[in-house]
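Below you'll find the structure, written out as structure tokens, and then a few comments.
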Amino acid sequence: MTEIVLFHSVLGIRAGITDAAARFRAAGHTVHTPDLYEGRSFDTYDEAFAFLASIGGIPELITRTQASVEHLPEDVVYAGFSNGGASVLLLTATRPGARGALLFHAAMPLTAFEMDFTWPHGVPAQVHYATGDPYREEAGITGLAAEVRAAGAPFDQYDYEGTGHLFSDPELPEEYDKESAELMFSRALEFLERVG
């Protein structure tokens, strides 16, 4: 079975994260869920982005991401929801041993980090997005796809009808889509079986 490091969204650790971790554990995987917010979580994006800015924004998130895995093995799959996708991309590209990257409602090219690193050879990535996600950026998806494929690795993109961003979080009724969430998790579990 696979060891997974699962990063939370900009909202912090909520049901969407704990439910996902439980699903993966039920399938026999080991799951680590770093809390980059040290216990804080939010119900709205405005609150969450304000908090992120107050702690130092992306530079501080990078520092916390790197510190969160210091005690963990390197032979893992990195997975992340929304803002957690940045942590996934950073660690997959900079920490040796990654077996794969699972990106839920998240994708951007490594060039966005403005750092000198590239996608590791042969490491697959899987991306899941709602077609009407207000945070979806097509250029980010295509840019990442090009980087992953240039490294000789598979890039799988799955699109879901709807307008919700975190459509897999049951505590966000205006965004949650049970059918899409179930399909997304089934595809993610298949990915884990392939890379395990």
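The values are calculated or read from the model by the stated rules, or taken from the named source; none is laboratory data. Everything numeric here is computed off the predicted structure, so don't read it as measured data. All Cβ positions, glycine included, derive from the backbone under ideal geometry; neighbour counts span all protein chains shown.
Checked across the range 57-64, the condition of being among the charged types (D, E, K, R), touching a Leu at 6+ places or on another chain (Cβ under 6 Å) and either within 30 Å of E193 (Cα to Cα) or surrounded by fewer than 18 Cβ atoms within 10 Å (Cβ to Cβ) (or both) holds for at least one residue.
If I ask for residues that are in a loop (DSSP other than H, G, I, E, B) and in contact with a strand residue (DSSP E or B) (Cβ under 8 Å, 6 or more places away or on another chain), which ones from the range 139-154 would you list? Of everything in the range 139-154, those that are in a loop (DSSP other than H, G, I, E, B) and in contact with a strand residue (DSSP E or B) (Cβ under 8 Å, 6 or more places away or on another chain) turn out to be A153, P154. Remark: pairs (first residue in the range 1-19, touching a residue at least 60 places away in the same chain (Cβ under 8 Å); second residue part of a helix (DSSP H, G or I) and surrounded by 21 or more Cβ atoms within 10 Å (Cβ to Cβ); Cβ separation under 6 Å; 6+ apart in sequence or on different chains) = T2/L192; I4/F24; F7/G84; F7/S87; H8/I17; H8/G84; S9/G84.
Going through (1) at pLDDT 95 or above; (2) in contact with a helix residue (DSSP H, G or I) (Cβ under 8 Å, 6 or more places away or on another chain); (3) closer than 29 Å to G152 by Cβ; (4) assigned to a helix (DSSP H, G or I) one by one, R23 falls short only on (3).
Of the residues screened, S54 is not one that is within 25 Å of A139 (Cα to Cα) and not hydrophobic (A, V, I, L, M, F, W, C). Restricting the search to the range 163-188, which residues are touching a residue at least 40 places away in the same chain (Cβ under 8 Å) and surrounded by fewer than 17 Cβ atoms within 10 Å (Cβ to Cβ)? Selection gives P170, E171, R187.
Of everything in the range 128-162 that is closer than 17 Å to A79 by Cα and among the β-branched types (V, I, T), the residue that is surrounded by the fewest Cβ atoms within 10 Å (Cβ to Cβ) is I141.
Out of the residues in the range 26-56 that are among the acidic types (D, E) and not in a helix (DSSP H, G or I), which is farthest from G100 (Cα to Cα)? For the range 26-56, the residue satisfying everything is D43.
The residue of the range 110-138 that is farthest from T63 (Cα to Cα), among those that are at pLDDT 95 or above and not in a loop (DSSP other than H, G, I, E, B), is A130.
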